[in-house]
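Peer 1: Would you mind keeping the following structure in view while I ask a few things?
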Amino acid sequence: METTPNALLGAMPRQRRLRREWHFPSLDIDSREISAEAARLRHCDHLRREPRVALQSDGKPFYRIQCADCGQKLSHSLPHSSVPNRERCPQWNEELYQRRLREGVDAYGQCREAAIARRKAEWRAVYRRYLASADWQSVRQRVLKRAGGICEGCLEAPAREVHHKTYAHVGDELLFELVAICRPCHERLHPSATNGYPELLERHLEKVHVHGG
């Protein structure tokens, strides 16, 4: 029996439909970015800067520039010859310096939390655009069609929604990572979080972390 070209084409596996590449923000944040932001916020622009004397563990004096207003250290140890009137040099204010260090730790913590919140917001923004896209609608329809329009949770109610079992490949899901489902079953799987996003999605975003920090 002669095989026609059309029959041969029909027997060939279909190529996967091309989809837009969805680039979701990384869940990793470089701690150096946060340190740089905290340093910018804590930059000392006070004018009262002066050499101050402190004692080494062996009792010998050494000199550094310190801000008289905030206590920030503004230099490494200075050559004695570069410090005028050393005998009248004020004492290093260790209490003010330690307070400045504590403020730095607090500033880093605030910048860290802000960076994590921004990254989560960026991720959710891309996710919203994805759910409104033709790509997601195509995937959604294929999952509903595979289930015959019946909820894969109860096998009774009509399936109206598609549930992510994981967000590991969001934007390029494997279809077995998605299930057709009705609203009551969907609510049982992951009740909506207080911000309106599924609890499972919010748990996925808890993986956002600061790398090296």
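Values in this text are rule-based calculations from the coordinates and carry no lab data. Bear in mind the structure is a predicted one, so any value in this text is a computation, not a measurement. No Cβ is skipped: glycine too gets one built from the backbone with ideal geometry, and neighbour counts run over all protein chains shown.
Peer 1: Which percent, nearest 5, of DSSP beta bridges in the stretch 22-131 are antiparallel?
Peer 2: Percentage antiparallel, nearest 5: 90.
Peer 1: Listed here are the pairs K73/K120; K120/K145; K120/K165; which of them are more than 26 Å apart at the Cα?
Peer 2: On the way: K73/K120 35 Å; K120/K145 32 Å; K120/K165 20 Å.
As for pairs spanning more than 26 Å Cα to Cα, those are K73/K120; K120/K145.
Peer 1: Something else: Using bins 10 angstrom wide from zero, how does P(r) for the chain break down, in % of all Cα pairs?
Peer 2: 7, 20, 18, 14, 12, 10, 9, 6, 3, 1, 0
Peer 1: For the stretch 20-58, list residues with backbone N below 18 Å from a point placed 7 Å from the Cα of A68 toward its Cβ?
Peer 2: 44-54
Peer 1: I've got another one for you. Kindly state, to the nearest 0.05, the FRET efficiency for R102 paired with D172, given R0 = 35 Å and r defined as their beta-carbon distance.
Peer 2: 0.15
Peer 1: From the helices alone, meaning DSSP H stretches of at least four residues, give me the mean residue ellipticity at 222 nm for the chain, per-run term -39500 (n - 2.57), in deg cm²/dmol to the nearest 500. Provide the component values of the computation, followed by the final result.
Peer 2: Numbers: 6 runs with 83 residues, N = 213.
Counting only the DSSP helices, I get -12500 deg cm²/dmol.
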